[in-house]
Each structure stands twice: as C-alpha cells, then as structure tokens.
Amino acid sequence: MRILVFNAGSSSLKFGVFDLNAGETLDQAKHIFKGSFDRFGPKGCDYRHGIDKPVMEPAPYCTLDEATRAVPALLEQAGIGTIDAIGHRIAHGGDRFSAATQLTDTTLGAIDALTPLAPLHNPANLAAVHVARQVWPDLPQWAVFDTAFHLTNPARASTYAVPKDWRAQGLRRYGFHGTSHKYVAHRAAEVLGQQLRDLRLISLHLGNGASACAIAGGISIDSSMGMTPMEGLVMGTRSGDVDPGVFGYVQRELGLDVAQIEDALNRHSGLLGLTGSSDMRDVEERAAHGDTDAQLAIHIYAYRARKYIGAYAAAMGGLDVLVFTGGIGENSASMRRRICEGLGFMGVLLDHDRNMNVDLSARAAPQIQAYGARVNVLVTETAEQLMIAREVASAAARPKGQGARIPVAVSARHVHLCRKAVDALFGKGYELTQGKPLRQQGHWAAVERVALHGPKGSLHNVAILGPLRARTQIEVSRTDSFALGIDAPVRQSGKLDETPQIRLSGPAGTLDSDGLIIASRHIHMAPQDAGRMGVQDGDMVNVTLEATGRDLTFTRVLVRVSENAFTEMHIDTDEANAAGIQGEGAGQISAAATVMPDMTSRPD
Ligand code: ADP
C-alpha cells in the first residue's frame, strides 16, 4: 500500500511517501519520497527533497496552499504513480480520538471543535487537510493524532488538581509527540529483539519541542507535556514547567495580559529566553566559549530531563530502556551524557565511546550503554511520518466497525417495575416521581427507591428506572447476587423466563417477583451509528476499553440498535471495577462483528 503523509505546520510543510502493508515491521517499510517546503515569502519558498542526500532548491510557491497543490506534479516528476491513501498529522485529538481516524465531514467537524485546545497547531494541520481533500477528492484521508498514544494515561497522571468545573471544560493533561514516542518505543523493542510488552521504557524526544514519555508494556502511562505542549521539559522557545502562580505575578507586576504571557512562555522562553538563541548548537558553542548564560541553560536543560527520568522510573517501578531522539537527542553526545550523569544508581551507565560515535544512517538505533549496564540506552531518529503511514495502513486494513469509539457507562443495580409492582410497593395507582433523566431518550431515574431481600442479606436504596415496563426486571451485579444470596443468571434485558424470584419492599408493602438477572453487557446504538460502524442489531463485538489504566477487552458485547438510542455501552459495577472505570469511560470495537448465537441463558 502506498501512503502519502503530510505534516503541516504554520510555516512549513513536510511530506513523505511510504510503501508498506498492515502487519509489516518498521524495517520492512520503504520510504520512497521525502520533501519539505519552508521559508515562504513573496518570491517563493525553499524546497528540499531526497532521502539520503536531500537537495535544496528555490520553488515558486508563496504559500502553504500553493505548495500543497504542487505536490501531485512533484511526485509525478519523481516517478511516483498511484497513491492509495493519505495520512495527516494532527496535533490535538482531545480525549475523543484514540486511533487513526478517517477524515469525513463529520470527523473533520469534531476535530475543528478541538481548536481551542490547540489554537497554534490544529488550524495549520487542518489547512493542509482542506487543500488535500480538494486535490485528492477520491482518496481516503486519515488523521493521526499526537495526543492519541497518551489516551491510555491513567487518571492519576492525566488529571490536574483544579476545580471540578474547570475539569468539566476539558482541562486535563493530554500529552503530545505521541506518534514519535510510539515509534521510538517500537523501534527500540525491534532492535533489542524483545517484546515491547515486557519493557519499561522512557522515551526522551529532544527537538525544538521536547517531551519525556513513560511507556510500560507498550502503553504510554505518563508524558511531560500537558493540556498544551508547554508543560514539562525546557524547549527551544517554550518554558516547560513553571509555577502557575507566575501568571498572576507577571500580570500584576509587569502589566502583561494573558495573550502576552502565553506568547512569552511559548515563543520567548526556553533556551531562547535563557540565552537569546533557541538552537542548542549555538547554545553549546557559546557555553564552550565561556558564556555563563548558555552554561546555565545547559545545566537546567539536562537537570530537568534527568528529573523526569527519575520520576518516570518511579512511576513504572523500574526502567529497562532509555531512548533518545529528536535533533538534540540524536546529535548532542554531550547532552546525552549530562542527562545520564549520576543515574548509575538506577542502572543507567553510558559507554562514552559508543555515545560519541552514534551513526543513525539506514534507520539504525545504536545502543550506547556501558557493558553490563542494567538499562539499555538507545539513540534513534524519530520517524513520525513513517509511523503515521503505518497507523494508516493498519487502520485501512481493519474491517469496518473496528476502531469505532464507544462511550461506556456503568449501570449500578436497579429495577424496572411493572404497574402491578408499583401498586404493591407504593400503593394502588401510585405514580412514580420522575427524577434525573437518563441518556437513553425518554428514560429516567425515579426519586423513589426500593429494597431487595434475599436469604443472605438485603440491598437498600435501589434505583427504579422508568418508564414502567410490562414485566418487572431486577438488575444486579454478581457481587450483589452474593450479598443477596441468590444465584442470578447473566441475561439480556427482557429475557426473563425462568429467572429467580426475589422479594422487593417499598413504603406500602412487599412483592415477590421473578426477573432477577445480571444484565449481559451491551451497546445501545443509534441506527446512523450502526450504519457508520458497519454493525447491526444482534451483532456481538469485542470492545477494548481505553484510558482506564487497565488494558481490558470485553468480549461478546451485544449490539442493540434502536431508533432514538443514545450510542453507549453499558457494563455493570463488577465489570467497571475490573476495568478501573468510575462512572464513565470509553472503548473501541476491537474485533469484527459476528452474528449473535442465542444468548438467552449463556453463563458469563
Ligand atoms: P523539531 O522539533 O523542530 O523537529 P529537531 O528535532 O530538528 O526539531 O531539533 C532541533 C534541535 O536540535 C535544535 O535545538 C538544534 O540545535 C538541535 N541540534 C541539531 N543538531 C545538533 C547537534 N549536532 N548538536 C546539538 N544540537 C543539535
């Protein structure tokens, strides 16, 4: 499969063409074209192209738009024929996009809506998407998000300790450089001949932007960038970590407004703020000639990175692999050495000759640790474009439905009552009081509650969900069924024949009713979502939960399609506990749908 990848920034456009198929290793992928445009002006721009020995020539394109439109002709000149798909790098996917996503009007709208989270980056990425959709209207185009890899970060890593209503507005840590961190982790495992799932790895991406990422068992569990790409390490022009108290102080004492403060922290801080140059080569050169500002900047840079290594080793309970990448990580032997200095206590020891003689040609990823050191230290070029191509190839090869994202909600124990039951429990003709509306249209939780009684014990204060049904149904978890002392079967809602009896009590009396079940997990689905995901009513799918901190796939999840349904998967509290979900989460369909066998009395 031939994939064209775009990485559009605000003032440059990088693109590449790769031949690779789903399931192939990174080594097997062929990079067949590499190009970039930058320094746009009224007379044109610089155009670099070529893989091994890139050449630079002036080109007549004055804007990114013009340059993007020129790509088909440039590829044709290079003898590159048919393209099968296009992949675009998108900086921010919020908490919504956890995998490569095909670009349609709907998904583009959803990405557009995330612009407030990444006002500097997403608009530039999307500008290229819009042009590419005009130039290649018939090609499938995919978005691959910098944030996606980190959506597995547990809540303890992704949550800021700030007021609840701020968090409700999406204020949380997302992390960036995800495609790069994922690539170097896979590359390191390949080179070491080990399974990524067996490794605790820290990736240090040190370029103009810089971030550290803790990857345990192939899963990102923490990363140093936060809600925006400003948090964490010292960068070319970004401050990295600062006390948020700085904002108020600078505003009061220096009279700067919010936009000026953000601009200063984004564009005039980091190496630039400390030394007047954002380029580590300059800074190292000046430091070597006695410039004390440059010397301090190097100390701060290395110290901050070293602190993150210590923190992430602690977060993972140890460290097996440390990987350096990005312009500084790849090229600065002295910075690698400074960062690792003093980490011998945790098994990080460099071989100084190997560190000095790093050769990264032909996608090499040399090891630079000392003989016998506990932690393998590797250097590798990052290859975000290759990783984007790989994500696109595997997403395109997935059967329809796979990868579709499903919100997950936890159903605590509850009952659905019939008319006769309400009469018995609350008095003849009693009307339940509608309380909180549920997300399934027309459904609500009643203000009233009931109690359940079994031979072992009782459960009080159990919710009643309306509207009334033809038959009473009592849904509990397996743990609840033990608390009650009644063996409840796993059933689909409504399949109540030969279910156990249980006693219910309310203010007006008691009722013995059958209908006690453990509800089998299911997805309510609106017909338009089912159409989009390629599933139908009665299908059974596997759903892998995301961002829970526990990697868990629920198999045999029943899809229930109905008009007006709010698309959402329901699991019970035992399942939620196993997955580490509280209240709400999200998952992805991870296996093709199969037609459902009769499920009426299948044990779980
Ligand atoms: P970006 O994040 O924009 O892709 P790069 O990954 O190319 O940036 O990294 C750019 C940084 O790498 C700059 O600070 C540059 O000075 C630094 N760099 C490149 N080569 C060297 C080198 N030989 N020694 C030290 N720093 C280097």
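Relative to the dominant Cα principal axis of the chain, helix 258-267 is inclined by about 60°. Using the alpha-carbon positions of the chain, Rg (one decimal) and Dmax (whole number) come out as 28.2, 93 Å. Could you give the distance between the Cα centres of the stretch 212-240 and the stretch 1-62, to the whole Å? Rounded to whole Å, the Cα centres lie 26 Å apart. With the convex hull of the Cα atoms taken as the outline of the stretch 243-320, the averaged projected area works out to 7.2 nm².
The slack in the chain from Glu431 to Gln295, taken as 0.36 nm per residue of separation less the alpha-carbon distance, amounts to 41.3 nm. Among beta bridges from DSSP that stay inside the chain, the antiparallel ones total about 70%. Hydrodynamic radius of the stretch 323-453 by the Kirkwood approach over all distinct alpha-carbon pairs: 21.4 Å. At an R0 of 35 angstrom, the distance between the Cβ atoms of Val162 and Arg69 translates into a FRET efficiency of 0.20. Close amide-amide hydrogen proximity is noted between Leu516 and Ile474, each under 5 Å apart and 5 or more residues distant or on a separate chain (H modeled in the peptide plane; Pro and chain starts excluded).
Going by alpha carbons, how many degrees (0 to 90, nearest 10) lie between the helix axis of 384-397 and the longest principal axis of the chain? Tilt relative to the chain: about 30 degrees. Label-to-label distance, Val242 versus Glu57, with points set 7 angstrom from Cα along the beta-carbon direction: 4.5 nm. Potential lengthening of the chain between Asp105 and Thr555 amounts to 158.9 nm, from the contour at 0.36 nm per residue minus the alpha-carbon distance.
How big is the antiparallel share of DSSP beta bridges in the stretch 1-123, given as a percent to the nearest 5? That works out to approximately 85 percent antiparallel. Each residue of the stretch 86-102 was assigned a 3J(HN,Hα) from its phi angle through the Karplus expression (A = 6.51, B = -1.76, C = 1.60, θ = phi - 60°), giving 10, x, 10, 7, 10, 5, 10, x, x, 9, 9, 10, 9, 7, 3, 10, 5 Hz with x at Gly and Pro. The label point for Glu76 and the one for Arg471, both projected 7 Å from the Cα toward the Cβ, are 6.7 nm apart. One chain, two ends: Arg363 and Asn208. Fully extended at 0.36 nm per residue, the span grows by 53.7 nm beyond their Cα-Cα distance.
Measuring nothing but how far apart in sequence close Cα pairs (under 8 Å, 6+ apart) lie, relative to its length, the chain scores a relative contact order of 10 percent. Once Lys and Arg get +1 and Asp and Glu get -1 on their Cβ, which of Gly506, Val543, Gly372 lies farthest toward the positive end of the dipole of the chain? Selected residue: Gly506. Projecting the Cα atoms of Met316, Ala288, Gln440 onto the charge dipole of the chain, computed from C-beta unit charges around the Cα centre, puts Gln440 farthest toward the positive end. Per-residue 3J(HN,Hα) values for the stretch 349-357, derived from phi via the Karplus relation 6.51 cos²θ - 1.76 cosθ + 1.60 with θ = phi - 60°, read 9, 8, 8, 5, 5, 4, 4, 6, 10 Hz in sequence order (x marks Gly and Pro).
None of the figures in this text is laboratory data; all of them are computed from the coordinates on show. Since the model is a prediction, treat every value here as computed from it, not as a measurement. When we count neighbours, we look across all protein chains shown, and the Cβ atoms used for this are built from the backbone with ideal geometry, even at glycine.
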